[in-house]
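In what follows, a structure is listed as structure tokens, so that the remarks can point back to it.
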Amino acid sequence: MLKIENLTKTFDPGTVNEKKVINRLNLQISAGDFITVIGGNGAGKSTMLNLICGVYPADGGKIILAGNEIQDMPEYKRAKDFGRVFQDPLMGTAANMQLAENLALAFRRGKRRGLSWGILEEERELYRKRLATFGLGLEDRLNDKIGLLSGGQRQAVTLLMATLKTPKLLLLDEHTAALDPNTAEIVLNLTDQIISEQNLTALMVTHNMQAAIDHGNRLIMMDKGNIIYDVRGPEKQKLKVEDLLRLFQELSVGGSVSDSMLG
Amino acid sequence: MQFLLAVEGAVAQGLLWSILALGSYLTFRLLNFTDMTVDGSFTTGACVTAVCIANGIPPALALLVSLVAGSFAGAITGFLHNKLEIPEVLAGILTQISLYSINLRIMGRANQQLLQYDTIFKQLKNLLAGIGLELSSDRVAILIGLVFVTIVIVVLYWFFGTEIGSIIRATGNNEAMVRALGQNTQNTKFIALIIANSCIALAGSLVGMYQGAADVGMGAGAIVIGLASIVIGEVILRRVIAFGSKMVAVVIGSIIYRIIVALVLQLGLSTNDLKLITAIIVALALFLPNAVSKHNAKKARELAARENSDA
Ligand SMILES: Nc1ncnc2c1ncn2[C@@H]1O[C@H](COP(=O)(O)OP(=O)(O)OP(=O)(O)O)[C@@H](O)[C@H]1O
Ligand SMILES: [Mg+2]
């Protein structure tokens, strides 16, 4: 489904700040995979996701989505295939626009926008229904400005926005990290619910080891711009947090298990 | 009586200039883009109209030509910012400066009188007189101002409700999100700059015809006048949130600005002091809301402190 070959990214090349962040990374994602991604601060997790959707260009390597090389496409052209939720709840929504308007913008992801009305009456019904399944009472707030919602509510909305038009790949970058534990749990369960209902393929970065084990069918661990551990299926289900910490110590370059691993 | 007449003139001017303020509102507030093209595109509107009319082109058509000229001005700023990656403020200033030369070229001189020619103001005045309705020039200007302001607001209201319009509003909120939703933010900014400067040139065209002359210097400080209208409208109608009402607030702000100016002139200050006065109005209008909310916060703290000590 998505294949990454020898992907490389260096920030600020030729300066004192030069930093090789992604280093000949290879990854193959099959349709239906729900992969959790763990790794210390600065391991390159966010950079990998940003390279996939084209926030900035890669220096080398290929990104192949459903048979097409996309590494040279601008971000806005790739967007039709990717749904994204960011760590910062402010990043996924337009604060001054209504909840319904935000959803309508997302409903047209990757579509040519024309002069027809930005939101149709029948869409509202769809949005109301979808929001009602969240059980957060958001279905009654369609006309509220997004800026009035809490961080958790905004993340739930962003999650719906990312999946309203079914993406080929859903990219979640620590999308519950800014939420209190209770809300994080709610949003994580919503994530599971949406991914299984729509049978999505997803990458989810998290610093919560337990969540990384409990969710998804595959887990990868990153360090210094590369994947150092990749496990799936029953073997993954059997993992314990201690196992992951030990593995990280064994496999990572330098090998000191860091608090950063735990966020 | 003298003052009432001055107020009529102020309302007329306020309405005509409010179209410039609406254009600035689109870039400054909706798109969150500090567009400095304004002074240039406003003058371009007036100059193009003057040349057209002096060459026998019907005034209504001259209006349209000016509007298109304004769209080019916006397009240049968009090009400088998007393609040459020049920061937005500088991109606008470069367009504005170059428009000074271009406007001189368009007119072939610094000033073009229109008194001996027909304008839409004279045409309407004569038309009304023909059916027995004798109106003063200012009242005719108010009528025309109302018609154009209504058209502009209705068109903008419609456009910013469409798919393209919605994504432009979103661009002003959150560019990263717009790209993630598959839209090229360079295009959205480009479109917004074109629309805004079309409005601004339209205002220039109307003001030029109303004054009966176009002058290459007439746009100096127009941007601050637009801002003054926006912030006055926001201060006075603080609670409105719907897009349509916000545009109406800008128009009201523009009229109030002109009434303040008329008052100040009545008090004996000269037109040369206007720029200073405008700057002071903008500074005050920007400062007041902050001062009020700080004052309220202080009150709330005092109340909390008192309740604590009572408890
Ligand atoms: N735009 C940028 N310019 C320069 N350096 C960057 C940029 N983005 C990331 N980096 C650097 O690249 C490295 C990897 O960053 P990245 O955000 O991918 O890490 P991460 O694995 O997501 O970490 P975290 O868990 O802290 O989010 C870091 O050292 C970071 O400072
Ligand atoms: Mg990160």
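What is the number of the single condition among (1) at the interface with chain B (Cβ under 9 Å from one of its Cβ atoms); (2) within 23 Å of A:L169 (Cβ to Cβ); (3) of a type outside the set (V, I, T) that A:F107 does not meet?
Result: A:F107 fails condition (1) only.
How about the range B:260-278: which of its residues are in a helix (DSSP H, G or I) and either modelled with pLDDT of 95 or more or open to solvent by 50 Å² or more (accessible area, probe 1.4 Å) (or both)?
B:I260, B:L263, B:L265, B:Q266, B:T271, B:N272, B:D273, B:K275, B:L276
Report whether or not A:D173 is surrounded by fewer than 17 Cβ atoms within 10 Å (Cβ to Cβ), touching a residue at least 40 places away in the same chain (Cβ under 8 Å) and under 20 Å from A:M91 (Cβ atoms).
So A:D173 fails the test.
Which of the numbered conditions does A:A178 fail, given that it passes all the others? Conditions: (1) modelled with pLDDT under 95; (2) more than 16 Å from ligand 2 (Cβ to nearest atom).
(2)
Of B:A129, B:A46, B:A54, B:A69, which residue is open to solvent by less than 20 Å² (accessible area, probe 1.4 Å) and of a type outside the set (V, I, T)?
B:A46
Residues in the range A:84-94: is at least one in a loop (DSSP other than H, G, I, E, B) and more than 16 Å from ligand 2 (Cβ to nearest atom)?
Within the range A:84-94 (the criterion being in a loop (DSSP other than H, G, I, E, B) and more than 16 Å from ligand 2 (Cβ to nearest atom)), the answer is yes, since at least one residue qualifies.
Cβ-Cβ distance below 8 Å, separation of 6 or more or different chains: which pairs start in the range A:231-251 with a residue that is under 12 Å from A:L219 (Cα atoms) and polar (S, T, N, Q) and end on one that is open to solvent by less than 100 Å² (accessible area, probe 1.4 Å) and part of a helix (DSSP H, G or I)?
The qualifying pairs are A:Q237/A:I213.
What residue, among those in the range B:179-205 that are in a helix (DSSP H, G or I) and within 13 Å of A:P74 (Cα to Cα), is farthest from the other protein chains (Cβ to nearest Cβ)?
B:Q186
Those residues that are farther than 17 Å from B:A46 by Cα and either buried (at least 23 other Cβ atoms within 10 Å of the Cβ) or in contact with a Leu (Cβ under 8 Å, 6 or more places away or on another chain) (or both), I need them from the range B:196-226; list them, please.
Selection gives nothing.
Could you tell me whether any residue of the range A:82-93 is touching a residue at least 40 places away in the same chain (Cβ under 8 Å), at the interface with another protein chain (Cβ under 7 Å from one of its Cβ atoms) and farther than 29 Å from A:N23 by Cα?
Yes: the range A:82-93 contains one or more residues that are touching a residue at least 40 places away in the same chain (Cβ under 8 Å), at the interface with another protein chain (Cβ under 7 Å from one of its Cβ atoms) and farther than 29 Å from A:N23 by Cα.
If I go through the range A:1-26 residue by residue, how many of them are open to solvent by less than 10 Å² (accessible area, probe 1.4 Å) and within 15 Å of ligand 1 (Cβ to nearest atom)?
The qualifying residues number 4.
State all residues of the range A:166-183 that are of a type in the set (A, V, I, L, M, F, W, C) and within 10 Å of A:G151 (Cα to Cα); if no residue qualifies, say none.
Residues satisfying the conditions are A:A178, A:L179.
Considering each residue of the range A:209-228, count those that are out of contact with any Gly (no Cβ under 7 Å at 6 or more places or on another chain), part of a loop (DSSP other than H, G, I, E, B) and open to solvent by 30 Å² or more (accessible area, probe 1.4 Å), and give that number.
Count: 1.
Quick one: which residue in A:I70, A:I63 is within 14 Å of chain B (Cβ to nearest Cβ) and away from ligand 2 (no atom under 16 Å from the Cβ)?
A:I70
Yes or no: the range A:229-244 includes at least one residue that is outside any strand (DSSP E or B), within 16 Å of ligand 1 (Cβ to nearest atom), more than 14 Å from chain B (Cβ to nearest Cβ) and not basic (K, R).
Yes, some residue in the range A:229-244 is outside any strand (DSSP E or B), within 16 Å of ligand 1 (Cβ to nearest atom), more than 14 Å from chain B (Cβ to nearest Cβ) and not basic (K, R).
I'm checking my understanding of the structure. Among residues of the range A:41-55 that are near ligand 1 (Cβ under 6 Å from one of its atoms) and not in a helix (DSSP H, G or I), which one is most open to solvent (accessible area, probe 1.4 Å)?
Across the range A:41-55, the extreme among qualifying residues is A:N41.
Which condition does A:L136 not pass, out of (1) open to solvent by 30 Å² or more (accessible area, probe 1.4 Å); (2) aliphatic (A, V, I, L, M); (3) within 16 Å of ligand 2 (Cβ to nearest atom), if it passes all the others?
Unmet condition: (3).
Is the range B:145-157 home to any residue that is under 30 Å from A:N50 (Cα atoms), more than 8 Å from chain A (Cβ to nearest Cβ), in a helix (DSSP H, G or I) and without any contact (Cβ under 8 Å) to a residue 40 or more places away in the chain?
No; the residues of the range B:145-157 include none that is under 30 Å from A:N50 (Cα atoms), more than 8 Å from chain A (Cβ to nearest Cβ), in a helix (DSSP H, G or I) and without any contact (Cβ under 8 Å) to a residue 40 or more places away in the chain.
Check off (1) buried (at least 20 other Cβ atoms within 10 Å of the Cβ); (2) closer than 30 Å to A:A94 by Cα; (3) polar (S, T, N, Q); (4) away from every other protein chain (no Cβ under 14 Å) for B:S245 and give me the number that stays unchecked.
The failed condition is (1).
So, in the range B:92-121, how many residues would count as being in a helix (DSSP H, G or I), of a type in the set (V, I, T) and open to solvent by less than 70 Å² (accessible area, probe 1.4 Å)?
4
Test each condition in (1) open to solvent by less than 60 Å² (accessible area, probe 1.4 Å); (2) more than 20 Å from A:T36 (Cα to Cα); (3) in contact (Cβ under 8 Å) with a residue 12 or more places away in the chain for A:K165 and report the one that comes out false.
The single condition A:K165 does not satisfy is (1).
Considering only residues that are charged (D, E, K, R) and not in a helix (DSSP H, G or I), look in the range A:56-83 and name the one that is most open to solvent (accessible area, probe 1.4 Å).
A:D72
The values are calculated or read from the model by the stated rules, or taken from the named source; none is laboratory data. Quantities reported herein were computed from a predicted structural model and do not represent experimental measurements. As a convention, Cβ positions derive from the backbone with ideal geometry for all residues, glycine included, and neighbour counts pool all protein chains shown. In case anyone asks, the SASA skips ligands and DNA or RNA and just uses the protein heavy atoms, side chains included. Shrake-Rupley method; radii C 1.70, N 1.55, O 1.52, S 1.80 Å.
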